[in-house]
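Reviewing the structure listed below.
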Amino acid sequence: MEKISIIVPSYNEEESIPYFYEEIKKTFHTLNYKLELIFVDDGSKDYTLKVIKALTDDKCVKYISFSRNFGKEAAMWAGLNVATGDYVTIMDSDLQDPPSLLPKMLDLIKNEGYDVVGTRRVTRKGEPVIRSFFARCFYKIINRMSKVEMVDGARDFRLMTRQVVDSILTLKEYNRYSKGLFSFVGFKTKWLEYENVQRVAGETKWSFWKLLIYAIEGIVAFTTVPLTIAIIIGLIFCLIAFIMIVVIIVKTLVWGDPTTGWPSLACIIFMVSGIQLLCIGVIGEYLSKMYLEVKNRPIYIVKETNLETK
Ligand code: UDP
Ligand code: MG
């Protein structure tokens, strides 16, 4: 019998995990597959680990517990590393990724020849309006700039074949932006659309700032266009400066030079130095990512697990 691994990144999810487990079990009753359920406790501060351990009487339940909170990206990476299934999927523990989609996803992979079935939310119901607006802007911008396509509303909930998982495992970078990495590896992908579902319990871990920083990480990880934009702005300003110099020389020669224009000069200095700082900041972003990358630190550290290999 073929095996499906479900990776469940969990951070402070003591309330939702029991619901999640129940739903998954229900779904698998009707499916003719072996289940491997890998909970990754991402340094939770509540009783998440205890709740997970209570489920381990069920032999299909595996867990990895991190030494601290390393973030969802690290949790997904840990899960992908240890998953042994013929098919692998990542699901949130809050039931926002409906398990009811699994049979359809499996069918598409087995019978229609897809390698990956991804899911995307077509509505952002229940989300603050400003957040939705910025999210849309982000996808527009990054898709303009990056060659790797980022699908608006795409979730991390996706079913992949072993071949796809193995190719993702070859991407060992430290700064992981999975939405991009999944697209980067390619393969024949089918997108299933569904309406946003509210969390079953607990609350979201994403604040607006966290999302903004995550968005910048995505851009830095998948395109160097901001560096090019810095060069172009620099060139435009050089050109403007050159034209202004010519105009001033001509004016001085023709009409003499009444010393005016200090306020405008101050404004120009402010603007240009602002743009310079901005561009240095952009370069700094890339530099800092390189810095973190060359340090080659582990993406996560395991404190406890019921798996034989780490
Ligand atoms: N999560 C995690 N580590 C973190 C933050 C979140 O493992 O540092 C998990 C969380 O437990 C959940 C999933 O990632 O299972 C998605 O998080 P959340 O529901 O807060 O995000 P949203 O669905 O609102 O995008
Ligand atoms: Mg959620």
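Brief remarks follow.
- Test result for Phe138, modelled with pLDDT under 90, more than 14 Å from ligand 2 (Cβ to nearest atom) and in contact with a helix residue (DSSP H, G or I) (Cβ under 7 Å, 6 or more places away or on another chain): yes
- Flag if Phe134 is open to solvent by 60 Å² or more (accessible area, probe 1.4 Å), within 30 Å of Asp46 (Cα to Cα) and within 15 Å of ligand 1 (Cβ to nearest atom): no
- Helices (runs of 4 or more DSSP H) fully within the range 172-264 counting 1 or more residues that are within 16 Å of ligand 2 (Cβ to nearest atom): 178-185, 208-222
- Scanning the range 1-20 for residues that are in a helix (DSSP H, G or I) and within 15 Å of ligand 2 (Cβ to nearest atom) turns up Ile17, Tyr19, Phe20.
- Residue count for the range 97-136, restricted to those that are within 29 Å of Thr170 (Cβ to Cβ) and polar (S, T, N, Q): 2
- Residue in the range 201-211 that is open to solvent by less than 30 Å² (accessible area, probe 1.4 Å), at pLDDT below 85 and either of a type in the set (Val, Ile, Thr) or touching an Asp or Glu at 6+ places or on another chain (Cβ under 9 Å) (or both) present: yes
- Verdict on Arg68 being open to solvent by 50 Å² or more (accessible area, probe 1.4 Å), more than 16 Å from ligand 2 (Cβ to nearest atom), under 24 Å from Asn175 (Cβ atoms) and not in a helix (DSSP H, G or I): yes
- Within the range 84-112, tally of residues that are assigned to a loop (DSSP other than H, G, I, E, B), within 16 Å of ligand 1 (Cβ to nearest atom) and either in contact with a Cys (Cβ under 7 Å, 6 or more places away or on another chain) or open to solvent by 10 Å² or more (accessible area, probe 1.4 Å) (or both): 4
- Residue check, Lys147 closer than 23 Å to Ile213 by Cα, open to solvent by 70 Å² or more (accessible area, probe 1.4 Å), away from ligand 1 (no atom under 15 Å from the Cβ) and not in a helix (DSSP H, G or I): yes
- Hey, Gly186 at pLDDT below 80 and either surrounded by 14 or more Cβ atoms within 10 Å (Cβ to Cβ) or more than 16 Å from ligand 1 (Cβ to nearest atom) (or both) or not: no
- Taking each residue of the range 276-302 that is in contact (Cβ under 8 Å) with a residue 12 or more places away in the chain and looking for partners that are loosely packed, with under 12 Cβ neighbours inside 10 Å with beta-carbon atoms closer than 6 Å, six or more apart or interchain, yields Ile301/Ser67; Val302/Lys310.
The values are calculated or read from the model by the stated rules, or taken from the named source; none is laboratory data. Computed from a predicted model, the values in this text were never measured in an experiment. Note that we place each Cβ from the backbone using ideal geometry, even for glycine, and neighbour counts take in every protein chain shown. To get the accessible areas, we keep the full protein, side chains included, count just its heavy atoms, and leave off ligands, DNA and RNA. Shrake-Rupley method; radii C 1.70, N 1.55, O 1.52, S 1.80 Å.
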